[in-house]
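Notes follow once the structure below has been shown.
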Amino acid sequence: MGKKIFETQRLIIREAEVEDAPFFYELLNSRGWLDNIGDRNIHSLEDAELFIVDKYLISYSANGFGFWVVCSKEDNKAIGMAGFAKRPHLEYADLGYAFLPDFQQKGFAREAAEAALKYGKEDLKFEKIIAIVLANNGPSVNLLKKLGFVYDKAIVHDTGDELDQYVHHF
């Protein structure tokens, strides 16, 4: 199991590892991911392994943070991901989260995001965090507002998607 970063009442948040490939294959091909985040061309377990190495493990070593695997304390099963990305075209760390369909609308995203924000402020010493989201992704926009994010501006993501940027100041 990857290094534990923090935990909440119901969740353990840990670093991803190559052995998480089956989970990432499922998550990155779920309807919610494809509709709201986009196709990352993960069409095999090997693709998922390369994605973990190229996107997650490199971020941990380069930035000291990244997106982490969210596991249920109940059975230690991977149910989602949450954390921060440092994107070259964005000035501040970007909060992100995604959960498997069976674990949406149960408060897990809020629980993980609240803990990630606390970790970002206290451990990573962030003063400001952004989040980028499709304007029509109502559940994510609502969660960002509940977390204290406010609309900042419209941006064009490096994928070419038009997104709304929200900001959170500590």
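Residues in region 34-48 that are buried (at least 20 other Cβ atoms within 10 Å of the Cβ) and in a helix (DSSP H, G or I): Ala48 alone. Could you tell me whether Ile42 is hydrophobic (A, V, I, L, M, F, W, C) and touching a residue at least 60 places away in the same chain (Cβ under 8 Å)? Answer is no for this residue.
Residue check: Asn41 meets all listed conditions (1) farther than 26 Å from Val141 by Cβ; (2) within 15 Å of the chain's Cα centre (by Cα); (3) not β-branched (Val, Ile, Thr) but one, namely (2).
When region 1-33 is limited to residues that are out of contact with any Gly (no Cβ under 8 Å at 6 or more places or on another chain) and among the basic types (Lys, Arg), the one that is surrounded by the fewest Cβ atoms within 10 Å (Cβ to Cβ) turns out to be Arg31. From the list Leu144, Leu163, the lone residue that is surrounded by 12 or more Cβ atoms within 10 Å (Cβ to Cβ), modelled with pLDDT under 95 and not in a loop (DSSP other than H, G, I, E, B) is Leu163.
With the requirement that a residue be within 17 Å of the chain's Cα centre (by Cα) and free of Cβ contacts under 8 Å to residues at least 60 places away in the same chain, what does region 119-132 give you? Answer for region 119-132, where residues must be within 17 Å of the chain's Cα centre (by Cα) and free of Cβ contacts under 8 Å to residues at least 60 places away in the same chain: Gly120, Lys121, Phe126, Lys128, Ile129, Ile130, Ala131, Ile132.
Against the conditions (1) free of Cβ contacts under 8 Å to residues at least 12 places away in the same chain; (2) part of a helix (DSSP H, G or I); (3) within 27 Å of Lys153 (Cα to Cα), Ser59 satisfies every one except (1).
Go through (1) of a type in the set (D, E, K, R); (2) loosely packed, with under 12 Cβ neighbours inside 10 Å; (3) touching a residue at least 60 places away in the same chain (Cβ under 8 Å); (4) in a helix (DSSP H, G or I) for Asp54 and report which single condition fails. Failed condition: (3). Among the residues of this structure, Arg31 does not count as one that is charged (D, E, K, R), farther than 20 Å from Leu117 by Cβ and without any contact (Cβ under 8 Å) to a residue 24 or more places away in the chain.
Checking the structure you have, find out if any residue of region 69-76 is touching a strand residue (DSSP E or B) at 6+ places or on another chain (Cβ under 7 Å), under 22 Å from Asn137 (Cβ atoms), assigned to a loop (DSSP other than H, G, I, E, B) and among the β-branched types (Val, Ile, Thr). Looking through region 69-76, none of the residues is touching a strand residue (DSSP E or B) at 6+ places or on another chain (Cβ under 7 Å), under 22 Å from Asn137 (Cβ atoms), assigned to a loop (DSSP other than H, G, I, E, B) and among the β-branched types (Val, Ile, Thr). Among the residues of region 140-166, just one is hydroxyl-bearing (Ser, Thr, Tyr), touching a helix residue (DSSP H, G or I) at 6+ places or on another chain (Cβ under 8 Å) and over 19 Å from Glu127 (Cα atoms), namely Ser140. Just to be sure before I move on: is Gly83 on the phi > 0 side of the Ramachandran plot and among the small types (Gly, Ala, Ser) in the structure I sent? Criteria met by Gly83. Of the residues making up region 77-122, those that are surrounded by fewer than 21 Cβ atoms within 10 Å (Cβ to Cβ) and in a loop (DSSP other than H, G, I, E, B) number 13.
The values are calculated or read from the model by the stated rules, or taken from the named source; none is laboratory data. It should be emphasised that the depicted structure is a prediction, and the values quoted were computed from it without experimental measurement. Quick reminder, even Gly has a Cβ in these numbers, built from the backbone with ideal geometry, and neighbours come from all protein chains shown.
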